[in-house]
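First up is the structure itself, then whatever we jot down about it.
The values are calculated or read from the model by the stated rules, or taken from the named source; none is laboratory data. A quick note: this is a predicted structure, and the numbers were derived from the prediction, not measured. Note that we place each Cβ from the backbone using ideal geometry, even for glycine, and neighbour counts take in every protein chain shown. Ligands, DNA and RNA are stripped out before the accessible areas are found, and what is left, the full protein with its side chains, is counted by its heavy atoms. Shrake-Rupley method; radii C 1.70, N 1.55, O 1.52, S 1.80 Å.
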Amino acid sequence: MAEGTLFDSDTTLFAEIALPVPVAKLFTYRIPTAHTALARRGQRVIVPFGQKKILTGIIVNLHNKPPKEYEAKPILELLDQAEVIYEPQFTLYIWMAGYYMCTLGEVLQAALPSGLKLSSESMIQLRPGFSLADSEFDFSEKERLLLDRLKAEVLSYTEAAALLNTKSIYHILKSLSSKEAILLFEEVKEKFKPKTEKHIRLHESYTDKKLLEALFEKLSAKPKQEAVVLNYLQQVPVFSHPALNANGLRKTLLLQSEVSESSLSTLVKQNILEEFEVVVPRFGFPEAGHQPPILLSEAQEAARNQLLAALEEKGVALLHGVTGSGKTEIYIDLARKALEGGSQVLLMLPEIAITTQIVHRLKKIFGAEMGVYHSKFSDNERVEVWNGVLTGKFRFVVGVRSAVFLPFDNLGLIIVDEEHDASYKQQDPAPRYQARDVALVIAQIHHAKVVLGSATPSVETYFHATQGKYGYVQLAQRFGNAQLPAITFADLTEERKRKTLKGEFTSALLRSIAETIEKKAQVILFQNRRGYSPLVQCEDCQWVPKCINCAVSLTYHQYRHALICHYCGYREELPSQCPTCTSKRILTLGYGTEKLEEELKFHFPEAHVQRMDLDTTRSRTGYEAILEAFERGDTQILVGTQMVTKGLDFDGVSLVGVFDTDRMMHFPDFRSFERAFQLIMQVSGRAGRRENKGVVILQTANPRHQLFRYVVDHNITGFIEEQLTDRQAHQYPPFTRLIEITLKHTDKKVVQAAAAQLVDALRAKLKDIKIMGPGEPIVGKIRNEFLMIALLKIKRDLGRLNEIKQIISASAAHLSQTKEFRNVKIIFDVDPM
């Protein structure tokens with residue numbers, strides 16, 4: 001009997017498999033006899049699903065009870081010798097499925113990197129019994145070439161296309177299939193491919209001195225080949241260190257020595273040298289060098305000691321430190337202590353932009369035991385980190401929200417930096433989880449400690465900390481001699497009256513930018529809207545281009561010369577004349593980052609301006625190139641969306657400008673003031689992070705708004721206390737829990753009727769719950785589907801959350817069984833943001 005299973009090879013074994021499908025049940029499959037002794041919970045399997053699909057699943061349970069309703073199909077393949085998911089992950093995934101009202105399959109779909117799932121690849125083989133000579137059909141030259149190769153081996157579509165030097169081979173395959181010459185089939189392949197390097201080594205027989213001397217006599221007439229062997233021996237001392245020859249030398253390194261590549265190939269063919277592949281890590285982090293201990297300031301050391309005491313008592317602590325106070329140094333100190341104690345550490349960051357900058361620093365300290373995990377990495381890189389955590393190679397991981405799924409087995413410390421950030425909330429698809437809250441659950445499973453760090457804590461986290469549920473540690477001063485920036489206002493109303501506005505810029509902001517550039521300092525400008533212009537309009541008839549799939553106007557992107565929907569991606573060209581009245585007076589109204597970039601280049605032609613938003617950072621290298629140019633000082637002005645507000649630390653920034661503050665504050669959402677305040681305070685924190693005091697200019701039409709009182713005074717706790725009073729009066733978190741139900745359908749009347757019926761049913765069953773709606777959201781149509789939304793407010797002290805969720809799920813399932821509503825999509829969002 002194999003370790004990890006309770007069944008021997010004579011037992012008919014069945015497995016409950018979790019599959020990445022949105023169906024709320026496990027699927028029973030039969031384990032073939034050959035795999036009975038090897039199967040265990042947490043392994044990946046390949047299974048047939050439906051008529052044609054092949055899926056990767058995870059074994060959840062093993063038993064010997066066959067299903068009563070159907071005959072269990074056998075699994076096709078057992079992929080792992082050991083588990084890829086440990087018990088702590090099963091506990092977490094099952095909790096997430098229940099809490100966030102989704103299926104275990106949906107959690108697995110989000111959890112496993114796609115490189116650990118399998119794909120089926122189309123393959124081509126020669127039909128058994130086929131003979132080209134005996135065939136009655138005529139064949140083209142390319143068909144004959146393909147058939148000749150298929151005699152020796154099976155080919156994939158990609159390999160066949162390369163052989164025939166053509167991008168599309170489907171017409172050739174169709175012709176050969178009709179002539180009954182080939183068979184097409186699907187071969188399941190694993191997506192993950194280890195990274196390999198080609199190495200060269202001396203053939204084992206020539207490690208004997210006499211044979212090597214004879215070889216040099218033979219090569220004396222071939223100086224280029226002799227030079228290759230000599231060069232190899234200079235870099236790999238075979239006789240003084242024979243073991244080095246087994247590892248050989250990187251082929252690229254040998255070729256850098258200006259040896260002949262053709263001579264090298266000849267030596268390989270003659271078995272004098274051997275070429276082989278070596279699996280190498282994708283992360284080129286060096287071993288950590290000797291790093292001096294982090295020198296904490298007196299304030300940092302006091303905060304660190306308070307944190308340790310709070311963590312010991314509460315298990316969770318909020319580190320509330322102003323921007324530039326040196327929270328990262330405290331994180332590093334705590335991580336080192338946890339690693340020295342033998343535990344794993346997870347540092348969570350909300351944005352890849354922050355990851356890019358902090359990783360360069362952390363890798364010098366933690367070296368090869370640190371892994372980085374985020375969505376901009378390739379599938380193979382993410383699998384390598386997953387496997388690195390499994391094997392213990394990566395004991396310290398820096399990651400974004402998806403890092404909560406990694407297979408930790410000895411997690412001792414979780415640090416959630418910028419814990420307030422909305423990026424920790426997954427929106428679509430399910431599970432719609434809040435990674436900060438999931439981190440708290442992971443900590444309970446592992447008996448780990450959690451540090452929640454922020455300069456602008458979320459209202460909920462601050463409430464829990466001040467109520468004693470979490471520890472609460474403040475770090476109220478910036479590191480070193482740095483001072484908090486001076487915050488001033490540029491009054492849009494006054495400048496419009498005086499007609500001193502230049503495009504989207506007030507004269508005050510333009511003057512400050514010019515002075516900053518003259519002093520060789522840098523500027524960050526924040527506008528939380530990408531694109532060139534959010535609105536295009538005909539000046540004569542007021543026609544506005546709308547998305548054909550969504551109830552929104554199209555945004556103009558100048559660099560693409562296109563109108564684009566930011567919800568579904570639909571695009572069309574900017575018309576030269578109005579399609580309604582044929583007028584050529586087409587105006588662009590409002591402004592995004594792209595338009596600001598254009599205006600900045602006009603006002604400051606000698607300054608180097610860069611833009612940082614979703615359009616310029618679609619690749620990982622996009623982030624890095626922009627940040628590195630700014631850090632070197634090559635870029636004087638950086639304009640961007642909220643990516644520029646988070647965690648960036650640059651010495652040279654002395655001016656920050658904020659656009660569109662009024663629009664941020666007045667978005668119809670109970671969190672709009674909180675988000676606006678956090679964004680303004682966070683981007684303000686980028687200014688003056690060293691000795692020179694920075695300046696922040698907010699462009700607003702209402703500088704006397706109450707929110708700005710707290711901003712000018714850097715009064716974060718005062719702002720949160722006011723928000724708590726307001727939320728308690730209107731029953732919003734943290735005093736209630738929210739569940740948002742969204743219904744979607746292509747017919748507006750159908751979705752309205754379905755929403756009304758579902759809400760009526762819930763009101764009848766949940767009389768003590770306040771239900772708002774149903775109503776149409778601000779954007780009432782997305783991707784050709786009309787939307788209706790209902791919001792449930794559940795008092796935190798009610799104590800029936802699981803029961804309430806079961807009633808909601810059952811009511812939704814009952815609605816879906818009604819003929820007229822069976823195609824209505826129903827989506828649950830627990831703790832919506």
Can you give the extra length, in nm with one decimal, that the chain gains between residue 195 and residue 765 once fully stretched, where that is 0.36 nm per residue apart less the Cα-Cα distance? 199.5 nm
The stretch 371-387 residues near the modelled residue 618 label - backbone nitrogen below 19 Å, point 7 Å along Cα→Cβ: 375-379
Going highest first, how would you order 752-758, 449-455 by mean Cβ packing within 10 Å? 449-455, 752-758
Please give the peptides 265-278, 388-401 ranked by average Cβ packing (other Cβ atoms within 10 Å per residue), highest first, as a rough proxy for protection. 388-401, 265-278
Candidate lysines - alpha carbon under 25 Å from residue 363, same-chain residues fewer than 8 apart omitted: 193, 195, 327, 337, 376, 393, 449, 646
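Once R0 is set to 56 Å, what does the formula 1/(1 + (r/R0)^6) return for the Cβ-Cβ distance between residue 474 and residue 567, expressed as a FRET efficiency to the nearest 0.05? Before the final figure, lay out the partial values.
Working: r = 41 Å, r/R0 = 0.72.
Between residue 474 and residue 567 the formula returns 0.85.
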Please sort 310-318, 379-387, 572-580 by packing, taking for each peptide the average over its residues of neighbouring beta carbons within 10 angstrom, highest first. 379-387, 310-318, 572-580
In this structure, the FRET efficiency calculated for residue 704 and residue 302 from their beta-carbon separation, with R0 = 51 Å, to the nearest 0.05, is 0.85
What is the spin-label model distance, in nm, from residue 447 to residue 498 if the labels are put 7 Å beyond Cα along the C-beta direction? 6.7 nm
State whether the stretch 439-547 is rounded, prolate or oblate according to the following rule on the C-alpha gyration tensor (a ≥ b ≥ c being the square roots of its eigenvalues): a/c under 1.5 gives rounded; otherwise a/b larger than b/c gives prolate, and the remaining case gives oblate. oblate
Residues of the stretch 688-717 with backbone N under 19 Å of the label point set 7 Å from the Cα of residue 518 along Cα→Cβ are 693-697
Students often get this wrong, so try it: which of (1) 81, 37, 29; (2) 49, 38, 33; (3) 57, 29, 27 is semi-axes √(5λ) of the Cα gyration tensor in Å as calculated from the structure shown? (2)
For the stretch 579-701, what does the alpha-carbon gyration tensor say about shape, rounded, prolate or oblate, given a ≥ b ≥ c as the root eigenvalues, a/c under 1.5 as rounded, and a/b over b/c as prolate? oblate
Less than 16 Å apart at the alpha-carbon level, and either on another chain or at least 8 residues along: which lysines does that give for residue 65? 73
Looking at the stretch 728-822, which chymotrypsin sites (Phe, Trp or Tyr not before Pro) are DSSP coil and have at most 12 other C-beta atoms within 10 Å of their C-beta? none
Kirkwood hydrodynamic radius (C-alpha pairs) into Stokes-Einstein, the stretch 690-734, 10 °C and 1.306 mPa s, D in µm²/s: 125 µm²/s
Two pseudo-spin positions, 7 Å from Cα along C-beta at residue 467 and at residue 221, lie apart in nanometres by 9.1 nm
So which of 469/825; 425/469; 117/142 end up more than 27 Å apart, counting from Cα to Cα? 469/825; 117/142
Just grab the label-to-label distance for residue 819 and residue 783, each label 7 Å out from Cα along the Cβ direction, in nm (one decimal). 2.9 nm
So which lysines can residue 819 reach, going by Cα to Cα under 26 Å and dropping same-chain residues fewer than 8 places off? 25, 744, 748, 749, 765, 781, 805
A student applying the Cα gyration tensor rule (rounded when a/c is under 1.5; otherwise prolate if a/b is larger than b/c, oblate if not) would label the stretch 695-833 oblate
Using the 4.7 Å Cβ rule, please list in number order the cysteines from the chain without any candidate partner. 102, 568
Could you state the accessible area per residue of the chain in Å², with a 1.4 Å probe and every protein chain left in place? 47 Å²
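At a Förster radius of 51 Å, what calculated FRET efficiency corresponds to the Cβ-Cβ distance of residue 258 and residue 141, to the nearest 0.05?
In this case the efficiency is close to 0.75.
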Count neighbours as other Cβ atoms within 10 Å of each site's Cβ, and list the chymotrypsin sites (Phe, Trp or Tyr not before Pro) in the stretch 635-700 that are DSSP loop with at most 15 such neighbours. 670
